[in-house]
Amino acid sequence: MKANTFYRRKLHNLEHFQYAATVLKMAQEANVEKLTATLPPLSAAVTAEDEVNNAQRKVNDSDELKALHKERERAFRSLTTKIEDAKLSDEKAEEAAGKRLDLILKRYPKPSKNNYDKESARLSNLITDFKSAEATPDATKLGLAKAITRVETTNKAFVDAYYVHFKKQSTLEKRNVRELRKVTDEAIDKVLWRAQGVYESEGTESLATFIQLYNAYIADKQKMIERRENANLAESGQKEKEQRALLESMFEALSKELSVAAEKLHYTGKNVGTRNTKCYELKIDDREKTIWVKVSRNKLVVVPESELPKPKNNGSSRHNTNDDNKPQSGNHGEVEIKPKS
């Protein structure tokens with residue numbers, strides 16, 4: 001009787017922890033002295049995995065930062081509203097002052113996306129300009145001292161809070177799940193070696209039960225993995241189908257630029273990059289070399305290979321995903337367990 005091979009590398013991190021904890025429980029229930037002697041390293045490894053999986057991953061102060069960011073935006077809108085009102089004043093001097101300050105505002109357009117650092121710098125530089133010799137007479141004319149101070153104060157409050165957030169985040173313990181999984185897998189292997197070796201030499205019934213239970217357990221886990229892989233393949237196929245339809249809808253315009261018939265263009269299914277940087281490989285009939293394109297302003301644009309975004313995950317370019325729950329333990333657990341001599 002032997003413990004069957006199980007490809008543990010396909011388990012997500014939390015699944016791997018549960019797998020190890022279950023093997024530990026099975027071995028403890030077997031209650032065989034020679035097997036129990038191998039369990040302390042596995043018990044310690046399970047505890048270590050549990051701690052690292054439960055470790056705090058980010059500082060929970062986003063609500064405070066959002067509130068401070070919202071407050072500085074309110075202060076900025078108050079300032080710009082006063083300047084807009086001045087531009088509509090029936091007093092020519094106020095109107096002129098408002099227009100001059102508006103020109104300063106236009107030096108610092110609002111970032112198109114949430115970018116805390118850029119927003120902080122924008123407001124900081126804006127306040128510096130509004131306090132300059134060039135702008136002070138106009139700001140005084142419009143009575144903007146209080147509004148300018150409000151922007152400065154709220155922006156500083158956010159910058160200070162964000163710095164504290166950064167310091168807290170940088171001190172959080174970094175998780176190294178990959179190495180922990182290796183240690184756990186080695187401990188499990190030793191348990192399985194001992195169980196199988198002792199059973200084959202002594203025929204202990206409780207060890208036969210342990211091995212049978214282990215094999216049934218990993219068979220169930222293998223089915224779970226197969227279901228997930230099939231679901232991922234289905235999702236991947238649907239994504240490729242959607243990508244193909246998107247690209248083919250723009251082949252006509254691209255074919256004119258390339259001086260080829262649209263029907264000679266084919267999507268190979270390969271892509272690299274994400275979102276706005278995503279590039280797709282196209283095959284052109286009668287041409288040996290493929291080309292890469294990306295979608296820009298609702299049309300396909302050819303991208304030189306030298307400008308392609310670098311693929312992640314060891315060069316894999318198809319629907320890459322990567323998060324803390326994905327498999328990370330390499331090929332541990334792929335050996336057949338045999339008794340030691």
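The values are calculated or read from the model by the stated rules, or taken from the named source; none is laboratory data. Source: prediction; values computed, not measured. As a convention, Cβ positions derive from the backbone with ideal geometry for all residues, glycine included, and neighbour counts pool all protein chains shown. Keep in mind that these areas ignore ligands, DNA and RNA; they rest on the heavy atoms of the full protein, side chains included. Shrake-Rupley method; radii C 1.70, N 1.55, O 1.52, S 1.80 Å.
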Check your understanding: For the chain, what's the radius of gyration and Dmax over Cα atoms, in angstrom?
Key -> 31.6, 104
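Please give the net charge around Y108, taking every other residue with its beta carbon less than 9 angstrom from that of Y108, where Lys and Arg add +1 and Asp and Glu add -1. Can you show the working numbers first?
On the way: positive: K106, R107, K110, R122; negative: D129.
Neighbourhood net charge equals +3.
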**Study point:** Accessible surface of F158 - all protein chains present, 1.4 Å probe, nearest 10 Å²
**Key:** 0
Check your understanding: Tell me, how many Å apart are the Cα centres for the range 203-235 and for the range 1-47?
Key -> 13
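Please give me the summed charge of the neighbours of L123: other residues whose Cβ is under 13 Å from its Cβ, Lys and Arg +1, Asp and Glu -1.
Values: positive: R72, R74, R77, R107, K110, K118, R122, K131, R150, K156; negative: E71, E73, D117, E119, D129, E152.
Computed value for this residue: +4.
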Review point. How would S62, S255 line up by accessible area, probe 1.4 Å, largest first?
Key: S62, S255
